[in-house]
Each structure stands twice: as C-alpha cells, then as structure tokens.
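The values are calculated or read from the model by the stated rules, or taken from the named source; none is laboratory data. Note that the structure is predicted; figures quoted are calculated from it, not measured. Virtual Cβ from ideal backbone geometry, glycine too; neighbours counted across all protein chains shown. Calculation scope for accessible area: heavy atoms of the full protein, side chains included, ligands and nucleic acids excluded. Shrake-Rupley method; radii C 1.70, N 1.55, O 1.52, S 1.80 Å.
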Amino acid sequence: MPIIVNLDVMMARRKMSLNELSEKVDITLSNLSILKTGKAKAIRFSTLEAICKALDCQPADILEYQPDR
Amino acid sequence: MDIKISSQQILRVLLVLCWIIFIGVCIDAGGFLVSSIYWSFVKPNADGFFWNKLPMLSLYQYDKGHFMAICLLICIVAVIKASIFYRIIVLLQENKLNMAKPFTREVGSFLFLTAWLTIMVGFFCSYAGKYVGQLTSKGIPMSGMKEMGLAGSDVWFFMGATLLVIGFIFKRGIELQAENDLTI
C-alpha cells in the first residue's frame with residue numbers, strides 16, 4: 001500500500017512506548033500494533049486526532065505517501 | 001404476551017430438523033447403495049423389488065447396463081443430498097455461525113460448495129429424468145421420479161443459483177467485514 005504509517009518513528013522521537021500510547025489514546029495494544037505494522041486498512045479521524053494529541057504532532061508526521069514502484 | 005424468538009433458537013430448531021432429514025436421507029442413500037450393489041453383483045431379489053419397493057426387475061432383465069446407469073444416478077443424487085445435510089449440520093453444530101461477525105471465510109466456502117453440490121443434484125436429476133423418459137418410451141415400466149429420489153431438478157437448479165448469488169454477496173460481505181476489522 002502506498003500509504004506508510006510512521007507511528008514507530010514518532011513514538012521513538014517522543015520516547016513513548018506502545019503501552020503508554022495505548023493508555024493515552026484509549027486504543028487496544030493489538031489495534032495499535034496493527035496500525036504500527038501497516039496492516040490497517042483505514043484510520044478514523046478520531047483515532048488520528050487522539051494519536052496526534054498524544055504525540056504532539058501533525059497527521060503528516062504519522063502518515064506518508066510513497067507511490068508504488 | 002409477547003413471544004420473542006431469537007435467531008439462535010431458530011438455528012437450534014433448524015439443527016434438529018437437519019439431523020432428522022440427514023438420518024432419513026442417509027438411510028435412503030444406504031438402502032439404494034446396498035440394493036444397487038446387491039442387484040448388480042450378486043443377484044436380484046426373489047420378489048423383484050428394489051429399495052423403496054422400486055420395480056426395477058423389468059429394467060434389469062431388459063439391459064443390465066441401463067439398470068446400472070440408473071442405479072448410479074440414484075446413488076449419486078442420494079449421496080450428494082446426504083452430504084449437503086451433513087455440511088449444514090457441521091456448520092450449525094460447531095457454532096461456525098457467529099452472529100456478531102457472520103461474514104467468515106468458512107461460511108463463505110460452505111455457501112459456494114453447497115451451491116455447486118445443489119446444482120450438481122439438479123443436473124443429475126435432470127439427466128436422469130431424460131434417461132428414464134427414454135427408457136419408458138421403449139416400453140420398460142419405470143417407477144416415478146419421486147420414488148427414485150430424482151424429482152425436482154428445476155427446484156434444485158433454482159436453489160443452487162440462489163445460493164450462488166448469496167455466496168457472491170457474502171464474498172463482498174467478508175471483504176467489507178475484514179476492512180471494518182482493520183479500521184482503527
């Protein structure tokens with residue numbers, strides 16, 4: 001999929017663990033893991049908003065578009 | 001007083017009904033198989049009656065090849081009918097129908113395979129109908145299609161086609177459910 005989720009990069013920059021983020025955004029660890037590994041098919045605006053708020057970043061910091069080669 | 005019937009209760013009643021039909025169909029299939037094998041490889045019964053009291057002696061005496069072909073058709077249809085009900089029982093017994101997330105690959109494959117089996121029954125019944133018609137036109141007394149378990153080919157075709165359409169809709173449902181499950 002050409003949409004890349006850079007959640008792990010932002011978490012590393014903010015030095016935040018998956019458990020901590022899970023508690024802050026109120027999403028289960030398994031769902032966060034699906035998002036982090038790029039297996040997710042879609043993301044709700046409410047989830048994106050919560051993640052941006054917890055990581056103090058913009059949606060563009062988490063999502064990136066890379067065209068298929 | 002308001003009586004509410006849940007889908008689980010309906011499925012339980014359906015399971016009991018399927019068990020009853022399955023046992024009946026299995027006895028029928030077994031009877032036809034044993035009769036066919038006995039008549040084909042040992043000898044016809046002294047009274048000349050087949051399973052279900054089908055008058056098959058005149059066909060047997062006319063031509064053994066035609067007799068075996070008709071027996072094969074009857075047995076194939078009976079066994080496929082039994083296997084369809086067995087698949088329904090397995091689906092209902094093992095609780096593969098999850099009403100919270102109904103669109104699973106198991107149910108999808110069940111629908112497609114059952115649809116093809118149903119169409120196969122329709123095909124064999126239709127072919128057997130023409131075959132029996134030809135034999136009857138030659139003056140061989142044959143029992144009715146219903147007694148031989150070969151009646152209603154059009155109904156089987158209709159059921160198969162309906163199941164196929166539901167199967168294709170179900171396939172799209174599986175994709176939508178997977179997409180919904182992977183929406184965070």
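Here A:LYS39 is the anchor, and the lysines within straight C-alpha reach of less than 20 Å, apart from those fewer than 8 places off in the same chain, are B:LYS101.
Stretching the chain fully between B:ARG87 and B:ARG12 yields a gain of 25.5 nm (0.36 nm per residue, less the alpha carbon separation). Shown for the stretch A:21-69: residues covered by the partner protein chains by 40 Å² or more of accessible area relative to the chain by itself (probe radius 1.4 Å), namely A:LYS41, A:ALA42, A:ARG44.
Scanning chain B for trypsin sites (Lys or Arg not before Pro) that sit in a DSSP loop and have at most 16 other Cβ atoms within 10 Å, the longest stretch containing none of them is B:5-95. Charged neighbours of B:SER109, selected by a Cβ distance under 11 Å, balance to +3 (K, R count +1; D, E count -1).
Spin-label pair B:PHE123-A:ILE3: with each label point 7 Å from Cα along the Cα-Cβ axis, the two points sit 4.3 nm from one another. Taking the accessible area of the protein assembly as shown, probe 1.4 Å, and keeping the other protein chains in place, the carbon and sulfur fraction comes to 62%. Computed with a 1.4 Å probe over protein heavy atoms only, the accessible surface of the stretch B:7-183 comes to 57 Å² per residue. All Cα-Cα separations within chain B were binned at 5 Å from zero, giving a P(r) of 1, 7, 13, 16, 15, 12, 10, 8, 6, 5, 3, 2, 1, 0, 0, each value a whole percent of the pairs.
On the beta carbon distance between B:TRP19 and B:MET68, with R0 = 30 Å, the FRET formula returns roughly 0.40. Relative intensity of the protein assembly as shown on a log10 scale, I(q)/I(0) at q = 0.09, 0.12, 0.17 Å⁻¹, equals -0.63, -0.83, -1.18, per a Debye sum over C-alpha point scatterers of equal strength in the absence of solvent. By the scheme Lys and Arg +1, Asp and Glu -1, what is the net charge of all other residues having a beta-carbon under 14 Å from that of B:ALA128? Counting the neighbours of B:ALA128, the net charge comes to +1. Candidates B:SER36, A:ILE3, B:SER58 compared by Cα position along the dipole of the protein assembly as shown: farthest toward the positive end lies B:SER58, with charges placed on Cβ.
Measuring r between the beta carbons of B:TYR38 and B:GLU175 and using R0 = 51 Å, the FRET efficiency lands at 0.50. Determine the residues within the stretch B:142-184 where the difference in accessible area between the chain on its own and the full set of protein chains amounts to at least 50 Å²; count protein heavy atoms only and use a 1.4 Å probe. Relative to the lone chain, where solvent access is computed with a 1.4 Å probe, the stretch B:142-184 loses at least 50 Å² at B:LEU182, B:THR183, B:ILE184. Seen from B:PHE67, the other residues with C-beta closer than 14 Å to its C-beta sum to a net charge of +2, counting Lys and Arg as +1 and Asp and Glu as -1. Here the contact order of chain B, divided by its residue count and restricted to Cα pairs under 8 Å and six or more residues apart, works out to 24 percent. Helices in chain B, meaning DSSP H runs of at least 4 residues, each add -39500 (n - 2.57). Divided by all residues, the mean residue ellipticity at 222 nm is -25000 deg cm²/dmol.
Placing +1 on each Lys and Arg Cβ and -1 on each Asp and Glu Cβ, with no other charges, gives the stretch B:7-183 a dipole about its Cα centre of roughly 160 debye.
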